[in-house]
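For reference, the structure discussed in these notes is given below.
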Amino acid sequence: MDKFEAAFNELIEKELKIEPRDWMPEKYREHLIRQVSQHAHSEVIGMQPEGNWLLRAPSLRSKQVLLAKIQDEAGHGLYLYSVAETLGISRQEMVQQLHEGKAKYSSIFNYPTLTWADMGAVGWLVDGAAITNQVSLQRTSYGPYSRGMVRICKEESFHQRQGYEIMMQMAFGTPEQKEMAQDALNRFWFPALMMFGPHDKDSAHSSQAMKWKIKIESNDHLRQKFIDHTVKQIEYLGLKSPDPNMKWNEATGHYDHSPFNWDEFWNVVNGNGPCNQERLDHHKKVHNDNKWVREAAAAYALKTETQVA
Amino acid sequence: MKIKKHVFVRLADTSVILGQRLAEMCSNGPTLEEDIALSNISLDLFGRADELYKIVAKLEGDKFTPDDYVFRRNEREYYNIKLVEQPNEDFAWVIARQFLHDVYAREVFTQLSSSKNADLAGISQKVLKEIKYSYVHSKDWMNRLGLGTEESNTRLQKALDHLMKYVDELFAFDELDKTYLADCEKLKSIWFKEVDEVLLESNLKRNPFPPLSMRDYRDGFHSEHMGHLLSIMQYLPRAYPDAKW
Amino acid sequence: MESGDKVWEVFIQKKAGLPFKHAGSVHGYDKKMALQNARDLYTRRGEGRELWVVEASNIVAVPLDEADAFFDPADDKIYRHPTFYNIPDSVGHM
């Protein structure tokens, strides 16, 4: 082991941060690039299911709030792309990997948003699950990622609240609204829980990531934390639990849940969800249709900012 | 919904419709950065509309809320300038429409900022800062697209040629305009002077077109785009009239 | 491959009197765009009163393998710190 590797191990051991120009094992770098770019793509693709209702938001207030939230997601995508860039990959390469299907994004965004109540469920459950994960990632061992997470968590603290606010309006509204609220909860509950990833015993990447302290808490641990936290929020809304087996377990001190449908999860991850094709096609189309704009900006900069090298 | 024609309604309607058009650009921009920039401008416009509708509501004895105005009026009851309802054919349209609007809106609110109406003067001060920023953004893009590549220049010229058709009505002032605006002729001359300057420096032209028989936005006339915009925007409150949102 | 999209480092001053702090990076094709993008990305919640952007490629950094030689010699110059000196309490704060 050379002095660089020893220094790296010591930093990890002492829970200090690895910085971009520090030596790091190639596998550590690769793991981070994969994880951070996937995280970035998730923020960006995640703009689409919410964008689906942006133009139909039913009040000026909800329109502003939703737009500000989607705007944050674009911003968080940018923070995360910059984090990945410190590891030696360009944003352009990451976008290319996304378009070629080599890079993934969170499969939750491959589900359609069918009613306005879905804006509630997405903010409350999907952002809620993401925030649970991101709070934990604030302590990740890679410095720029950790700092990015701190900023993102701070900004996202309103996202889950705006979602729950919509759920309250819907659940306490007309019978039709309540029905939409229940339907949204039913459709998003299990996919949101599966966002935490496979069970610990089945998670190939997790153990090495935990050794390197890229990941701090395990999938199952974070998922259970989220469930335990969310049950009383479902009860407050007066909605039925989407899981008939969700019961308080005195012995474990946690809520039990039904087994998850991992076949569906993997099928959606592998491209066969309800909207995979649409999400990716939209991203590609916008990227390609606007190529001329980026070319114009580049040409203009060349003409006006030619500098002495 | 019958409301009195009022200059606040015109300003508010113009803000909300342009805000909606810019919101359409969310996750459709040339870069993520530009999505954020356009969303910011859109948020300013929705906020501005909200403030202005509150003044309208006050004037009308609080019979309606800002949301009533936005979500429960049809095309013929909307009094926005037709320029802002024009669609996002491509990014050049977005920029040209924004630039033409920004020069106009900046001059309008500059004049209104010295209005005797305290509400209006107050809002105008705040709005001016937003518009100045939006103006810098749209003007910079006019330069980039005008001087960038042959393709970007052609696209922007095409967008301008279309959108210019909706400019004449801005300056067909009626009595109501004249009551609120300090100097209508000055507004017009500044607008043309400044737009022509930016077009010239960006290698673009203001092409002449024959006189158009187009009716005035002040009477609630629109292009056909307007109905589609409203049918999307107003869907939920119209479909569920008893629901609270 | 598209070209012209540059990375810029962003520095923000939150209030008058505070130092500029590195906030992160931003993309932009030209200076004005980089400034506007930085404004929209890093100061949407009133986080700044002043903003700098500088092209990332213009930043000069200490080569990694020289870091020891660069910084370690400063570690043992303890006489540069006030606690190195013994001053009697009775003379008051110094």
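Could you work out the equivalent-ellipsoid semi-axes for region B:67-140, taking the square root of 5 times each eigenvalue of the Cα gyration tensor, largest first, in whole Å?
23, 21, 9
Which order do the peptides A:180-192, B:220-232 take when ranked by the mean count of other beta-carbon atoms within 10 Å per residue, highest first?
A:180-192, B:220-232
Roughly how big is the B-A contact, given as buried accessible area in Å² (both sides, 1.4 Å probe, nearest 100)?
When B and A are taken together, about 3900 Å² of accessible area is lost.
Tell me the carbon and sulfur percent of the accessible area for the protein assembly as shown, rounded to whole percent, probe radius 1.4 Å.
So the carbon and sulfur contribution to the accessible surface is 54 percent.
Counting only heavy atoms of protein chains, what accessible area per residue, in Å², does region C:6-89 have with a probe of 1.4 Å?
The answer is 67 Å² per residue.
As a test of understanding, state the convex hull volume per residue of the protein assembly as shown from its alpha carbons, in Å³.
So the per-residue hull volume is 229 Å³.
Express in whole angstrom the spacing between the alpha-carbon centres of region B:54-74 and region B:132-193.
29
What is the spin-label model distance, in nm, from A:L16 to B:N117 if the labels are put 7 Å beyond Cα along the C-beta direction?
For the pair A:L16/B:N117, the computed spacing is 6.4 nm.
Where Lys and Arg each count +1 and Asp and Glu each count -1, what net charge lies around C:D5 among other residues with Cβ under 11 Å from its Cβ?
-1
Provide the net charge surrounding A:D200, with neighbours chosen by a C-beta distance below 11 Å and charges set as Lys +1, Arg +1, Asp -1, Glu -1.
Taking every Cβ under 11 Å from that of A:D200, the sum is 0.
Local charge sum around A:H257 (other residues, Cβ-Cβ under 14 Å, Lys/Arg +1, Asp/Glu -1)?
Within the 14 Å Cβ shell, the charges total -1.
Could you check the spin-label model distance between A:D2 and A:H254? Points 7 Å from the Cα along Cα→Cβ, value in nm.
Once both label points are built, they end up 4.3 nm from each other.
Looking at the protein assembly as shown, what % of its DSSP beta bridges pair antiparallel, to the nearest 5?
95
For the protein assembly as shown, what is the charge dipole size about the Cα centre, in debye to the nearest 20, if Lys and Arg each add +1 at the Cβ and Asp and Glu each add -1 at the Cβ?
Charge dipole, the protein assembly as shown, about its Cα centre: 1440 debye, nearest 20.
For region A:134-184, what does the accessible surface come to per residue with a 1.4 Å probe? Please give it in Å².
It amounts to 42 Å² per residue over region A:134-184.
A:C153 label point, 7 Å along Cα→Cβ, cut-off 15 Å on backbone N: hits in region A:113-140?
Residues A:128-140 fall inside that zone.
Among A:52-60, A:234-242, how do they line up by average Cβ neighbours within 10 Å per residue, starting with the highest?
Top to bottom by mean Cβ count within 10 Å: A:52-60, A:234-242.
For B:F64 and B:H228 in one chain, what is 0.36 nm times their gap in residues minus the Cα-Cα distance, to one decimal in nm?
Once the chain is fully extended between B:F64 and B:H228, it gains 56.7 nm.
Tell me, how many Å apart are the Cα centres for region A:221-271 and for region A:74-153?
Centre-to-centre distance over Cα atoms comes out at 22 Å.
With +1 on each Lys and Arg Cβ and -1 on each Asp and Glu Cβ, and nothing else charged, work out how big the dipole of region A:3-304 is about its Cα centre, in Debye to the nearest 20.
So the magnitude is around 760 debye.
If each of B:F173 and C:V91 carries a label point 7 Å out from its Cα toward its Cβ, how far apart are those two points in nm?
7.8
5 Å is the cut-off here: which amide hydrogens, built 1.01 Å from N in the peptide plane, fall below it relative to C:E50, excluding neighbours closer than 5 in sequence?
Distant-sequence amide H within range of C:E50: C:Q13.
Which whole number gives the average, over all residues in C:16-27, of C-beta atoms from other chains lying within 10 Å of the residue C-beta?
Shielding by partners across C:16-27 averages 3.
Using a 7 Å offset from Cα along Cα-Cβ at A:D263, what residues in region A:185-226 end up with backbone N under 19 Å from the label point?
Inside the label zone: A:190-191, A:194, A:198-199.
For a quick protection proxy, order the peptides B:13-23, B:115-125 by their average other-Cβ count within 10 Å, most packed first.
By packing density, highest mean first, the sequence is B:13-23, B:115-125.
Structure shown: which of B:K116/B:K178; A:K178/B:K2; A:K102/A:K284; B:K116/B:K186 lie over 23 Å apart, alpha-carbon to alpha-carbon?
A:K178/B:K2
Averaged across the residues of B:234-240, what count of C-beta atoms belonging to other chains lies within 10 Å of each residue's C-beta?
4
Quick one: compute the contact order of chain B, relative version, from alpha carbon pairs under 8 angstrom and 6+ residues apart, as a percent.
Reported relative contact order: 25 percent.
Roughly how crowded by other chains is peptide A:40-48, in terms of the mean Cβ count from those chains within 10 Å of each of its Cβ atoms?
That works out to 2 on average.
Kindly state, to the nearest 0.05, the FRET efficiency for C:E66 paired with A:Q92, given R0 = 35 Å and r defined as their beta-carbon distance.
0.65
The values are calculated or read from the model by the stated rules, or taken from the named source; none is laboratory data. What you see is a predicted model, and the numbers here were worked out from it, not measured in a lab. No Cβ is skipped: glycine too gets one built from the backbone with ideal geometry, and neighbour counts run over all protein chains shown. Note: accessible area is taken over every heavy atom of the protein model, side chains too, but ligands, DNA and RNA are not part of it. Shrake-Rupley method; radii C 1.70, N 1.55, O 1.52, S 1.80 Å.
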